[in-house]
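Here's the structure we're looking at; comments come further down.
Just so you know, all these numbers are worked out from the coordinates, no wet-lab data involved. Note that the structure is predicted; figures quoted are calculated from it, not measured. Note that each Cβ is placed from the backbone with ideal geometry, even for glycine, and that neighbours are counted across all protein chains shown.
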Amino acid sequence: MDEFPGDHAEQVKEIYARFGLAIYQAQCLEHGLVNALVMLDLIPNERHKVKSRAQWEGLVDYFMDSKFELTLGKLIKSLSAVAAVPDNLAQDLASALKLRNYLAHHYFRERSEMFVSATGRRKMFDELIEWCDQLSKADDELSFVVAPAAAAAGLTPELQEKLFKELLERAQNSS
């Protein structure tokens with residue numbers, strides 16, 4: 001388990017950091033859902049209709065932009081409309097939605113009394129770690145469900161690894 005700091009100021013910073021990580025994990029899940037919709041909806045239904053790479057890139061950009069405007073709940077509904085979602089993933093996505101909404105709209109207000117004591121901050125620290133793991137698990141399960149469609153579209157695990165390494169290299173070279 002992660003080490004909880006003893007110093008008050010460090011505890012406060014750690015709570016804010018863990019909260020930020022939890023919200024980040026929720027955004028990763030949102031992005032994962034948009035990527036899933038590309039693989040499960042856009043590619044099988046639209047790829048054969050385009051006549052050029054530029055047209056395809058424009059269609060992908062438009063599709064993704066329109067999906068990024070949706071709430072997490074609507075993204076989950078969109079996924080269910082285009083694919084059979086296993087029960088365990090459906091449950092994890094429903095839990096992730098509730099958790100994301102709680103974090104975004106209620107967390108600090110409802111934890112204000114806990115936040116003023118070291119014991120309360122410790123509880124917040126522990127729950128935020130658990131919630132980050134829960135959100136990450138939902139994203140991982142989604143990736144597993146989408147993997148066959150991604151592979152069918154040519155996005156194999158090997159290609160994903162290669163593209164990720166290229167992304168890291170570009171990021172390091174631009175610094």
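Residues in region 41-63: is at least one part of a helix (DSSP H, G or I) and β-branched (Val, Ile, Thr)? Scanning region 41-63 turns up at least one residue that is part of a helix (DSSP H, G or I) and β-branched (Val, Ile, Thr).
Select from region 4-17 the residues that are of a type in the set (A, V, I, L, M) and touching a residue at least 60 places away in the same chain (Cβ under 8 Å) and write down the one among them that is surrounded by the fewest Cβ atoms within 10 Å (Cβ to Cβ).
Here the residue is Val12.
For (1) β-branched (Val, Ile, Thr); (2) surrounded by fewer than 19 Cβ atoms within 10 Å (Cβ to Cβ); (3) over 30 Å from Val116 (Cα atoms), each residue gets a yes or a no:
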site: Asp2; (1), (2), (3): no, yes, no
site: His48; (1), (2), (3): no, yes, yes
site: Gln55; (1), (2), (3): no, yes, yes
site: Val60; (1), (2), (3): yes, yes, yes
site: Met64; (1), (2), (3): no, yes, yes
site: Thr71; (1), (2), (3): yes, yes, yes
site: Leu75; (1), (2), (3): no, no, yes
site: Leu79; (1), (2), (3): no, no, yes
site: Val82; (1), (2), (3): yes, yes, yes
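Can you tell me which residue among Val85, Val38, Val12, Val34 is part of a helix (DSSP H, G or I), of a type in the set (A, V, I, L, M, F, W, C) and farther than 27 Å from His106 by Cα? Can you show your working first?
Values: Val85 fails: part of a helix (DSSP H, G or I); Val12 fails: farther than 27 Å from His106 by Cα; Val34 fails: farther than 27 Å from His106 by Cα.
None of the other options fit; the residue is Val38.
Taken over region 1-44, the criterion of being among the hydrophobic types (A, V, I, L, M, F, W, C) and over 23 Å from the mean Cα position of the chain (by Cα) is satisfied by Phe4, Ala9, Val12.
Pick out the one residue from Lys123, Lys137, Lys98 that is of a type in the set (Lys, Arg), in a helix (DSSP H, G or I) and closer than 17 Å to Tyr16 by Cβ.
Working: Lys137 fails: closer than 17 Å to Tyr16 by Cβ; Lys98 fails: closer than 17 Å to Tyr16 by Cβ.
Among Lys123, Lys137, Lys98, only Lys123 is of a type in the set (Lys, Arg), in a helix (DSSP H, G or I) and closer than 17 Å to Tyr16 by Cβ.
Mind checking which residues of region 68-102 are polar (S, T, N, Q) and within 18 Å of Val145 (Cα to Cα)?
First pass over region 68-102, keeping only residues polar (S, T, N, Q): 71, 78, 80, 88, 91, 95, 101.
Selection gives Ser78, Ser80, Asn88, Gln91, Ser95.
When every residue of region 155-168 is checked against the conditions, at least one turns out to be surrounded by 15 or more Cβ atoms within 10 Å (Cβ to Cβ) and outside any helix (DSSP H, G or I). Within region 28-37, the set of residues being within 15 Å of Ala152 (Cα to Cα) and either of a type in the set (Lys, Arg) or surrounded by fewer than 20 Cβ atoms within 10 Å (Cβ to Cβ) (or both) comprises just one member, Asn35.
Take Arg100 and tell me if it is closer than 16 Å to Cys28 by Cβ and in contact (Cβ under 8 Å) with a residue 60 or more places away in the chain. The answer is yes for Arg100. The set of residues in region 127-145 that are more than 18 Å from Tyr24 (Cβ to Cβ) and surrounded by fewer than 15 Cβ atoms within 10 Å (Cβ to Cβ) contains only Phe144.
Touching a helix residue (DSSP H, G or I) at 6+ places or on another chain (Cβ under 9 Å) and within 30 Å of Met124 (Cβ to Cβ): does that describe Ile43?
On the way: touching a helix residue (DSSP H, G or I) at 6+ places or on another chain (Cβ under 9 Å): yes; within 30 Å of Met124 (Cβ to Cβ): no.
Considered against the rule, which asks whether it is touching a helix residue (DSSP H, G or I) at 6+ places or on another chain (Cβ under 9 Å) and within 30 Å of Met124 (Cβ to Cβ), Ile43 comes out as no.
Taking only pairs six or more apart or across chains, which ones have beta-carbon atoms under 9 Å, a first residue in region 18-31 that is in contact (Cβ under 8 Å) with a residue 24 or more places away in the chain, and a second residue that is outside any helix (DSSP H, G or I)? Within 9 Å, the pairs are Arg18/Asp2; Glu30/Leu70; Glu30/Thr71.
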